[in-house]
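Structure record follows, encoded as structure tokens.
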Amino acid sequence: GAVVSQHPSWVICKSGTSVKIECRSLDFQATTMFWYRQFPKQSLMLMATSNEGSKATYEQGVEKDKFLINHASLTLSTLTVTSAHPEDSSFYICSASPGGAITGELFFGEGSRLTVL
Amino acid sequence: GENVEQHPSTLSVQEGDSAVIKCTYSDSASNYFPWYKQELGKGPQLIIDIRSNVGEKKDQRIAVTLNKTAKHFSLHITETQPEDSAVYFCAASIGYGGSQGNLIFGKGTKLSVKP
């Protein structure tokens, strides 16, 4: 299957700092990428849909100024958690679908574990 | 909007036995139903999927069945092995790929296969 890479895989930061997470599609182009948040022992919660060259679409209840998404190229989307606080600690996962494909498969990155002290 | 229910939340089987996980969905427009396996600390990995024009799909020890009328689909794992132990998520989506491809996930099933 297609490969989606996330970086960093884990990060620890102090409260009030900003953290950037990268999501790359390594062997395909993705006009759309998705960002999820997952709390321990819970399911994946869609945060936003990242669209290449345009603004991201955020799900209800997700603060767009808190979670900045940039999709500057067909292979890279970034999620920046601004002014992070302990409650932002979570497992963040991105996914992407090969652009233009009708197959529909979503491929996920390995996830990024954020711990805010 | 779409709502996906998944049962059971935990499942423990002996090695070699079969495991079945069931999901129901609410939106009859959903037409793509993937299953993901997530190991601890890792992202979900697609293991099998099925589309609304197919009733059953099989890949070695894994099979998925879909009942569109009842709006439910199931994952079947035969001859389970300890390495099958993980959390399994079902999902449903409307449309294929692109911005239509955002998935609605079930709450997950933690499968434990005892040697």
Completion exercise
Of the residues in region A:10-53, those that are assigned to a loop (DSSP other than H, G, I, E, B), farther than 23 Å from B:LYS107 by Cα and facing another protein chain (nearest Cβ under 10 Å) come to A:ALA30, A:THR31
Problem - Hey, B:GLY16 closer than 30 Å to A:GLN6 by Cβ and part of a loop (DSSP other than H, G, I, E, B) or not - result: no
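Is there a residue being in contact with a Pro (Cβ under 8 Å, 6 or more places away or on another chain) and part of a strand (DSSP E or B) anywhere in region B:27-37? Even if it seems obvious, please write down each step before you answer.
Initially, region B:27-37 is screened for residues in contact with a Pro (Cβ under 8 Å, 6 or more places away or on another chain), giving B:36-37.
Restricting the remaining residues to those that are part of a strand (DSSP E or B) gives B:36-37.
The answer is yes, given that some residue of region B:27-37 is in contact with a Pro (Cβ under 8 Å, 6 or more places away or on another chain) and part of a strand (DSSP E or B).
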Practice task
Using the structure shown, decide if B:GLY41 is over 13 Å from B:SER93 (Cα atoms) and within 14 Å of chain A (Cβ to nearest Cβ).
Solution key: yes
Practice task
Return yes when B:ARG61 is surrounded by fewer than 21 Cβ atoms within 10 Å (Cβ to Cβ), touching an Asp or Glu at 6+ places or on another chain (Cβ under 7 Å), more than 24 Å from A:SER90 (Cα to Cα) and not small (Gly, Ala, Ser) and no when it is not.
Solution key: yes
Exercise for the section: Could you look through region B:44-58, keep only residues that are closer than 29 Å to A:LEU114 by Cα and not aliphatic (A, V, I, L, M), and pick out the one that is farthest from the other protein chains (Cβ to nearest Cβ)? Expected result: B:GLN45
Problem - Subset of region A:66-86 (residues that are at pLDDT below 95 and not in a strand (DSSP E or B)) - result: A:LEU74, A:THR75
Practice task
Pairs only if they're at least six apart or on different chains, beta carbon under 6 angstrom, first in region B:34-46 and under 18 Å from B:ALA19 (Cβ atoms), second surrounded by fewer than 16 Cβ atoms within 10 Å (Cβ to Cβ); list them, first residue then second.
Solution key: B:LYS37/B:GLN45
Exercise for the section: Filter region B:41-69 for residues that are in contact with a strand residue (DSSP E or B) (Cβ under 8 Å, 6 or more places away or on another chain) and part of a loop (DSSP other than H, G, I, E, B) and give the result. Expected result: B:GLY41, B:GLY43, B:PRO44, B:SER52, B:VAL54, B:GLY55, B:ARG61
Handout entry: Any pair with Cβ under 7 angstrom, 6 or more apart, that starts in region A:23-47 at a residue that is over 20 Å from A:VAL62 (Cα atoms) and ends at one that is assigned to a loop (DSSP other than H, G, I, E, B) and among the charged types (D, E, K, R)
Key = A:THR31/A:GLU52
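The values are calculated or read from the model by the stated rules, or taken from the named source; none is laboratory data. Computed from a predicted model, the values in this text were never measured in an experiment. All Cβ positions, even for glycine, are placed from backbone atoms using ideal geometry, and neighbour counts span all protein chains on display.
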